[in-house]
1. How big is the charge dipole of region 44-135 about its Cα centre, in debye rounded to the nearest 20, if each Lys and Arg gets +1 on its Cβ and each Asp and Glu gets -1 on its Cβ?
2. Hey, what do the phi angles of region 418-428 turn into as Karplus ³J(HN,Hα) couplings, whole Hz, using 6.51/-1.76/1.60 and θ = phi - 60°, x for Gly and Pro?
3. Dipole of the chain (Lys/Arg Cβ +1, Asp/Glu Cβ -1, origin at the Cα centre): which of His167, Leu290, Ser5 lies farthest to the positive side?
4. Can you grab the distance from the C-alpha centre of region 313-341 to the C-alpha centre of region 114-151, Å, no decimals?
5. How long are the three semi-axes of the equivalent ellipsoid for region 117-183, computed from the Cα gyration tensor as the root of 5 times each eigenvalue, in whole Å, largest first?
6. Return the FRET efficiency for the residue pair Lys348, Ser427: r is the Cβ-Cβ distance, R0 is 25 Å, and the value is rounded to the nearest 0.05.
7. Can you tell me the dipole magnitude for the chain around its Cα centre, using point charges on the Cβ only (Lys, Arg +1; Asp, Glu -1), in Debye to the nearest 20?
8. Would you mind listing how long region 179-275 runs along its three principal axes, going by Cα atoms, in whole Å with the largest first?
Amino acid sequence: MSNKSQFQKAAEAIAFNENHRKTIRFNMGKYYAAVNAGKARYKDLEAARSKAADIKRHTLENLADYLQEFEKNFTNNGGEVLWARTADDAIQFISKILQDHGVKSIVKSKSMTTEEIELNHELEKIGIASVETDLGEYIVQLAGEKPYHIVTPAMHKSKQDVADLFHKHFNFPLDSTAEEMTALAREKLREQYLSAGAGITGANFVIANKGAICVTENEGNAIMSTAFPDIHIAIAGIEKVIPSMQDLALFWPHLAQQGTGQAISSYSSMFSAAQKAGETHGPKKMYVILLDNGRTQLYKKEKFNLALSCIRCGACLNACPIYKNIGGYTYNTTYQGPIGTVITPHLKDFKSYVHLSSACSLCGGCTSVCPQRVPLHELILENRKLAVAQKLTPTVENVAMKGFEFITSKARRMDCVGGTMKNTAISLFAKNAWGKKRSMPKFAKLSFRKLNRK
């Protein structure tokens, strides 16, 4: 089954699932309340958006220079930078590091980049256990699932869903409170921190002038994942670089505000090197893997390279009416919602993923909330134009649109048949292509043109 057929089938199955809608409404309701309250903290939110957008645009224009500056400074700090052109390259780097150090298990903080390269699955192949330490990621890992949302991996699960899961795996009481389940997860994960040979993180930002990576979180799990093991491996997309540590004064609260509604995340850490002589804390070795995996191809494309300004706050997903109805798993991609719709066809195979661009109402909600001013709905439209230019749209659709253009381009063609025949034709279309839950408006027996002539 093609990706498009899978998408359509999955969307049809989930779109009218009342339980799913109820859970998403409840969880997103808390997000909306926090974000709306958080906006009041800004003296001028629009100025902050413009400033952040300008910094990222400038960085992208000088991307190679800033990446090389980061490499030089991080290396001078005693770390090692590895450049991964593909996901396979990144997996080989990580596997070699872990095997060379005899690592049997790792702890991993939340990272969409590691999801992109399917790190857990690949490490399992070579006998290395990978444990997610973010509570949401831990929940979906126990369930054998992938993250449902860029920021909130278990957004699709209710408290009772989690209780059922913990009862299945740990025989925990089904009537457990959220606090009790969190305490259990904390207890289980503490054992993993102490026994892991390495900790793997992503990076929200890569600081060029400091030679450091930044990780922001709310649970302390990233700090624990880097404090106990002897090895720290960070993997980040090449677009995560920003020029200066001073830029964090804008980007850290900006990310927290748009992602969760907080003034700033509970834990914001900067890692510039492994343990140095005379120091008693931290990993003994630190590596940073800078991942391309299709990003340079996106970078070369005029207009589309703006999407590399994304800071993965998830705001566009929360604003998208399509995402809220069909959910994260329907996309069958690492990055869902509007940002995933824009970038996935360019990071992967365009033909296999451009269908995502048709699942968009072009309402512009995503663009209006993007903290980096990425014109997401316009880029989705550009994807559609590319699909037409590359003749990737279905033959049936092309014929239908040509027919529609021919009939509607002249009023006399529209009037060549009466309302009864029009309604019959439309009802057949609606039955086969418009969806079971939608109805078409009825044509009058006589058109306005014919009534006017009378």
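1. Working: 11 positive and 18 negative charges, 32 e Å.
Magnitude of the dipole: close to 160 debye.
2. x, x, 4, 5, 4, 5, 5, 5, 5, 5, 5
3. The residue sitting most towards the positive pole is Ser5.
4. Cα centroid of region 313-341 versus Cα centroid of region 114-151: 19 Å apart.
5. On the way: eigenvalues 107, 40, 17 Å².
Values for region 117-183, descending: 23, 14, 9 Å.
6. On the way: r = 38 Å, r/R0 = 1.54.
According to the calculation, E is roughly 0.05.
7. Working: 59 positive and 43 negative charges, 675 e Å.
It comes to approximately 3240 debye.
8. Principal axes ranked by extent give 39, 32, 20 Å for the Cα atoms.
The values are calculated or read from the model by the stated rules, or taken from the named source; none is laboratory data. If you're wondering where the values come from, they're calculated on a predicted model, not measured in any experiment. Cβ: placed from backbone, ideal geometry, glycine included. Neighbour counts: every protein chain shown. Note: accessible area is taken over every heavy atom of the protein model, side chains too, but ligands, DNA and RNA are not part of it. Shrake-Rupley method; radii C 1.70, N 1.55, O 1.52, S 1.80 Å.
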